[in-house]
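Each remark here refers to the structure printed beneath this line.
The values are calculated or read from the model by the stated rules, or taken from the named source; none is laboratory data. Please read all numbers here as calculations on a predicted model, not as lab measurements. A quick note on method: Cβ atoms are made from the backbone with ideal geometry, for glycine too, and the neighbour counts reach across all protein chains shown.
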Amino acid sequence: MGSMPDATDADGLTVGQVSARLGVTVRALHHWDEIGLARPSLRTAAGYRLYTAGDLERLHRIVVYREIGLGLDKIQGILDHSTTDVPGALRAQRTQVAERIDRLQRLGVGLDRMIDAHERGLLLTVEEQAAIFGPQWDPDGPARARQRYGDTTQWRQYAERSASRGPEEWQAVADAMVGLDRALADAMDAGVAPGSAEAGRLVGRHREVFASYFPLTRQMQVCLGRMYEADPGFAAHYDGIRSGLAAWLRRIIDADARAHGIDPDTATWQ
């Protein structure tokens, strides 16, 4: 490497000047110097690096190849080894870019679904909802639920699950809920007592099935049990399956909570 006592722009450019001219960080220029990719040809008497016109030409080529995504080792091979298959290297890079574009497109689709799920809840058409949840299903229900619960952790958890579900997955959820309702009604008919082992298994099954929407603690389950009995819509659903089922469901939930050290009268949504 040559040396000169003082330098003007005509003699060479400093690292800072090259950084500003090419839009490359000083840190990158220092790194390229260290690995031998682009070393300045001159230094001042004080030891400052100076880049010549030839150095700038090499740097321009590096920037071009870097902008199309080639790694520094491949760039060095292209610049320094005449035997390097440049078209082959570029084709390989093109393949990688195409794969990255495909991944990004799928990521974009996933982001759109997640946004829609947070805003709408169910990513199903009205026709799909009716087919899965039955003709009595109210397609405006998710919108009302978002207005009421949209700022809660549970709505966010529900949206995260919903974003990954299509009609088949929601059909499985609906089938699980129908199966649970039938098992609850059969148990009540059979005289299963609150606090019994069988009632405890049903309460646990209820939490598992409900986890399709969001994780449910025992305290939260107690709050749901109250709502099932007090809310006209929920009470009508359960009592439409079996008269008195809403109240019986609350009783078995409360008994299970007591068995686990939770006072149903003071349980809160947590």
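Please work out which residue is surrounded by the most Cβ atoms within 10 Å (Cβ to Cβ), limiting yourself to the range 29-78 and to residues that are out of contact with any Pro (no Cβ under 6 Å at 6 or more places or on another chain), small (Gly, Ala, Ser) and more than 28 Å from ALA98 (Cβ to Cβ). Spell out the reasoning first.
The initial filter retains those residues of the range 29-78 that are out of contact with any Pro (no Cβ under 6 Å at 6 or more places or on another chain), namely 29-44, 46-48, 52-54, 56-78.
Okay, now just the ones that are also small (Gly, Ala, Ser), so 36, 38, 41, 46-47, 53-54, 69, 71, 77.
Pick out the ones that are also more than 28 Å from ALA98 (Cβ to Cβ) and you get 36, 38, 41, 46-47, 53-54.
Details: GLY36: 9, ALA38: 24, SER41: 15, ALA46: 8, GLY47: 7, ALA53: 10, GLY54: 9.
Per the stated criteria, the residue is ALA38.
Can we say LEU216 is assigned by TED's automatic domain parsing to the domain that holds ALA187, out of contact with any Gly (no Cβ under 6 Å at 6 or more places or on another chain), closer than 21 Å to GLN270 by Cβ and assigned to a loop (DSSP other than H, G, I, E, B)?
On the way: assigned by TED's automatic domain parsing to the domain that holds ALA187: yes; out of contact with any Gly (no Cβ under 6 Å at 6 or more places or on another chain): yes; closer than 21 Å to GLN270 by Cβ: yes; assigned to a loop (DSSP other than H, G, I, E, B): yes.
In short, yes.
Close Cβ contacts (under 8 Å, 6 or more residues apart or on different chains) running from residues in the range 101-121 that are surrounded by 10 or more Cβ atoms within 10 Å (Cβ to Cβ) to residues that are polar (S, T, N, Q) comprise ARG113/SER164; ALA117/SER162; GLY121/SER162.
Count of the range 141-175 residues, restricted to those that are small (Gly, Ala, Ser), outside any helix (DSSP H, G or I) and surrounded by 14 or more Cβ atoms within 10 Å (Cβ to Cβ), is 1.
Residues in the range 35-94 that are touching a Ser or Thr at 6+ places or on another chain (Cβ under 7 Å), outside any strand (DSSP E or B) and among the aliphatic types (A, V, I, L, M): ALA45, ILE78.
Could you check, for the range 245-254, whether at least one of its residues is closer than 23 Å to THR152 by Cα and out of contact with any Gly (no Cβ under 7 Å at 6 or more places or on another chain)? Within the range 245-254, none of the residues are closer than 23 Å to THR152 by Cα and out of contact with any Gly (no Cβ under 7 Å at 6 or more places or on another chain).
Just one of the listed residues (ARG182, ARG226, ARG207, ARG250) is touching a Ser or Thr at 6+ places or on another chain (Cβ under 9 Å), over 30 Å from ASP112 (Cβ atoms) and either modelled with pLDDT of 95 or more or not in a helix (DSSP H, G or I) (or both), and it is ARG207. Close contacts from the range 145-172, counting a first residue that is within 23 Å of GLY233 (Cβ to Cβ) and a second that is in a helix (DSSP H, G or I) and among the hydrophobic types (A, V, I, L, M, F, W, C), with Cβ to Cβ under 7 Å and a gap of 6+ residues or different chains, come to ARG146/TRP155; TYR149/TRP155; ALA159/ALA117; SER162/ALA117; TRP170/ILE132; GLN171/ILE132. Residues of the range 79-100 that are loosely packed, with under 12 Cβ neighbours inside 10 Å and either touching a Phe, Trp or Tyr at 6+ places or on another chain (Cβ under 8 Å) or among the small types (Gly, Ala, Ser) (or both): SER82, GLY88, ALA98.
For the range 253-270, a tally of residues being within 26 Å of TRP137 (Cβ to Cβ) and either part of a helix (DSSP H, G or I) or free of Cβ contacts under 8 Å to residues at least 24 places away in the same chain (or both) returns 1.
Checking the condition touching a helix residue (DSSP H, G or I) at 6+ places or on another chain (Cβ under 7 Å), not acidic (Asp, Glu) and not assigned by TED's automatic domain parsing to the domain that holds ALA163, which residue from THR14, THR25 passes?
Working: THR14 fails: touching a helix residue (DSSP H, G or I) at 6+ places or on another chain (Cβ under 7 Å).
After applying the criteria, what remains is THR25.
Do we have any residue at all in the range 100-118 that's under 25 Å from ARG205 (Cβ atoms) and within 15 Å of the chain's Cα centre (by Cα)? Break it down stepwise before answering.
Applying the first criterion (under 25 Å from ARG205 (Cβ atoms)) to the range 100-118 yields none.
No: the range 100-118 contains no residue that is under 25 Å from ARG205 (Cβ atoms) and within 15 Å of the chain's Cα centre (by Cα).
If you go through the range 184-194 one residue at a time, do you hit one that is on the phi > 0 side of the Ramachandran plot and loosely packed, with under 15 Cβ neighbours inside 10 Å? Yes, the range 184-194 has at least one match. Look at (1) buried (at least 18 other Cβ atoms within 10 Å of the Cβ); (2) without any contact (Cβ under 8 Å) to a residue 12 or more places away in the chain and you find that GLY233 fails only one, number (1). Please indicate, with yes or no, whether at least one residue in the range 123-134 is in the same structural domain as GLY204 (by TED's automatic domain parsing), among the hydrophobic types (A, V, I, L, M, F, W, C), outside any helix (DSSP H, G or I) and in contact with an Asp or Glu (Cβ under 7 Å, 6 or more places away or on another chain). Yes, the range 123-134 contains a residue that is in the same structural domain as GLY204 (by TED's automatic domain parsing), among the hydrophobic types (A, V, I, L, M, F, W, C), outside any helix (DSSP H, G or I) and in contact with an Asp or Glu (Cβ under 7 Å, 6 or more places away or on another chain).
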